[in-house]
Each structure stands twice: as structure tokens, then as C-alpha cells.
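Accompanying notes for the structure given below.
Here, each number is a calculation from the coordinates, and none is a lab measurement. What you see is a predicted model, and the numbers here were worked out from it, not measured in a lab. Note that we place each Cβ from the backbone using ideal geometry, even for glycine, and neighbour counts take in every protein chain shown.
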Amino acid sequence: MPGAAMTQQERVVKPKTKRAKRFLEKRDPKLSENTKNAMLIKGGNTSEIVTRALKDIYSLKKPNAVLYKKKNITRPFEDQTSVEFFSKKSDCSLFMFGSHNKKRPHNLIIGHMFDYHVLDMIELGIEKFDGLRDFKNSKSAEGSKPMLIFAGDLFEIDNNHKRLKNLLIDFFRGPTVPNIRLGGLEIVLHFTAFAGKIFMRSYKVLLKKSGCRTPRIELEEMGPSFNFVLRRTHLASDDLYKKALKQPKALKAKKKKNVSQDVFGTTYGRIHMEKQDLGKLQTRKMKGLKKRRVKKVVDDEAESSPKKAKVE
């Protein structure tokens, strides 16, 4: 019968248990998407530097990350099917792949997905690395939302660095929260682009006594620390990138009439009203400001006075 055979993609998967139903509902499209999870994958051949780097980045990303400890023989720039398979399996839209060989030593590939397909992918080479264990101080709490700082004109001029900045923000920004307390700002990630290299530094925020309500801020390097060199890039086309950035109409803020904002975020409203009659303005209720009945007094005086006879 024509149309009787259905491919695997066309079949509608119906959950049989409540757990499966919750799992499918979590993956359904939403107006406000879930917090993006990242998967960290070891390649077929890795060095000690790459292994430690993946573990330290996993420590920064927890609990929104999955670390694959077994070796996976794959090359994302040549074949992306395995990365896309892991993305769908673990429901992760961000990934970092570590590998090491003679041609590209101490290699990290960072990328993000769109509809479980690779959108952007950038290869970074580690020239210098200092891990968390190399800094003998206290570390931040798990799940802390970091503050991101980008320095360097290349992040605003060069297209590859622009995409890398967008990718790093997507990877490290953490969950979206409506409010945050001062004590929750514990991590600062600083990225600098200079002379074809990218320098990443991680700091812990220390709140010191200042003698007033606002504390004095000090930054203490806690690791990991990287010196990267930019290698290969795999960037999506402008049309696909624009489609990935498209937001649903329900999330767009509706324009309000007669309401405007200045550069500092102050809201101003314009009110239209009729011309006010100051004669009817309510004043303070005191005896000296009490209104007198002038018209009634004049009428009483006119009635009491005799009328003059008309002389012809």
C-alpha cells in the first residue's frame, strides 16, 4: 500500500511511562529555553594537559555539564555525525572535544549546536596551561554564575573572533536568573585577544571590609589559566546563523505608547490631560480660604433698596 511504510523519523513516539513523558516534555520547544548543557569529550589520543583542561572546565561548568571519560575515536572537522549523536543522546547543545597529535598538539575544539546539528565550531591550541591544582587557594562554589569580561579590538573587528566571543558567552554564561545577590558573584572569567592569541584567566572575587556598606573588591587568580592560539574554524552561513538567533514573537516586548527610555535606562512617560481650571482647585480647608457667596449677598442688597421712579 502506498504510504503504509513510515520511516523512523516520521513515527510519532508516544511515552508509555510518566518518566518518559517528562523526558519528552523537557525536550519540547519552549518560549524560554532550558539552561544549555555542555558535553566534554576525550578524543582517541589525548595528552595530560588536554585531560586536565577538560576536567577543570568541567568543574567550572558543573552541574550543567557531562564529562565523557572514555576515549572516542572521532574527528569533528571531518565527520560531525558522532558529535551530533552524543548531543541528542545527552541533550547537550554545547560541546568541547579534546585531542592531541603531532600536527595539532594539545588541541581543544569548542562548538555549539542548533537543532542537534553543528552550528559553529572553532579549534584552539593550548600553548600554556595552569590548572586548578596549580593555584593553592580556595575555589568557588559549584554552580556559581560567572561574570565574563572580553578585552581586545579583535572581538569587535574580526569575524572569527566575533563568533568565538559569542561561543564563549554561550558556553560559560550559566543559567539565566532574574535576581542575584552580591555574595553570589564569586567568579570572573577574563578573555583577552591580542597578537593572534586568546588569553583566558579565572579569578575568585574576594569581598573585603571597606568601612562602609559597599565592600572592597579584590580578585585572586584561582585557575584554570590558558594561552590559546586560534587554529581551524567551521562557521555556519549567515542565513543559518540568523535563523538560529531568531526569537519567537511572544518573547518580543510590545511597544508601549508615550513611554520612552534614555541611555541610562530611566523610563519616562507622557500624560495627555485637559487644561486645568485653577478656580476649582482644591486648597487647604481653613477659614481664611473659605469661598464666600458673593452673588447671594448682591441679590439681597438689590431687593432691600427702593426702586427709583422713571421721570419723563
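For the chain, what is the mean residue ellipticity at 222 nm derived from helices alone (per DSSP H run of n ≥ 4: -39500 (n - 2.57); sum divided by total residues; nearest 500 deg cm²/dmol)?
-6500 deg cm²/dmol
In the chain, what percentage of the DSSP-assigned beta bridges are antiparallel, given to the nearest 5?
Here the antiparallel bridges make up roughly 75 percent for the chain.
In whole Å, what three semi-axes, largest first, describe the equivalent ellipsoid of region 33-138 built from its Cα gyration tensor (square root of 5 times each eigenvalue)? Mind showing how you got there, number by number?
Values: eigenvalues 96, 65, 24 Å².
Each semi-axis is the square root of five times an eigenvalue, giving 22, 18, 11 Å.
Name the lysines eligible as straight-distance cross-link partners of LYS246: C-alpha to C-alpha under 22 Å, and not fewer than 8 places from it in the same chain.
Excluding near neighbours in sequence, the set is LYS26, LYS30, LYS36, LYS88, LYS162, LYS165, LYS254, LYS255.
To the nearest 20 debye, what charge dipole does region 34-245 have about its Cα centre, counting +1 at the Cβ of each Lys and Arg and -1 at the Cβ of each Asp and Glu?
Using only the charged Cβ atoms, the result is roughly 660 debye.
Here are some values of Kirkwood radius over Cα pairs in Å: (i) 23.9; (ii) 25.2; (iii) 19.6. Which one was computed from this structure?
(ii)
Work out the charge dipole of the chain with +1 on the Cβ of Lys and Arg and -1 on the Cβ of Asp and Glu about the Cα centre, then indicate which of GLY43, MET286, ILE187 is farthest towards its positive end.
About the Cα centre, the residue reaching furthest to the positive side is MET286.
Can you return the aspartates and glutamates within cross-link range of LYS71? Criterion is Cα-Cα under 15 Å, with same-chain partners fewer than 8 residues away left out.
GLU48
Against the longest alpha carbon principal axis of the chain, how many degrees, from 0 to 90 and to the nearest 10, is the axis of helix 48-61 turned?
20 degrees
In percent, what relative contact order does the chain have, based on Cα pairs under 8 Å that are 6 or more apart in sequence?
Details: 440 pairs, mean separation 45.0, N = 312.
Relative contact order comes out at 14 percent.
What chymotrypsin sites (Phe, Trp or Tyr not before Pro) does region 84-182 have in DSSP loop regions with at most 16 other beta carbons within 10 Å?
Taking region 84-182 and a limit of 16 other Cβ atoms within 10 Å, the loop chymotrypsin sites (Phe, Trp or Tyr not before Pro) found are TYR116.
Past 19 Å, Cα to Cα: identify those pairs from LYS62/LYS204; LYS61/LYS204; LYS257/LYS280, in the order given.
Values: LYS62/LYS204 16 Å; LYS61/LYS204 15 Å; LYS257/LYS280 30 Å.
Correct reply: LYS257/LYS280.
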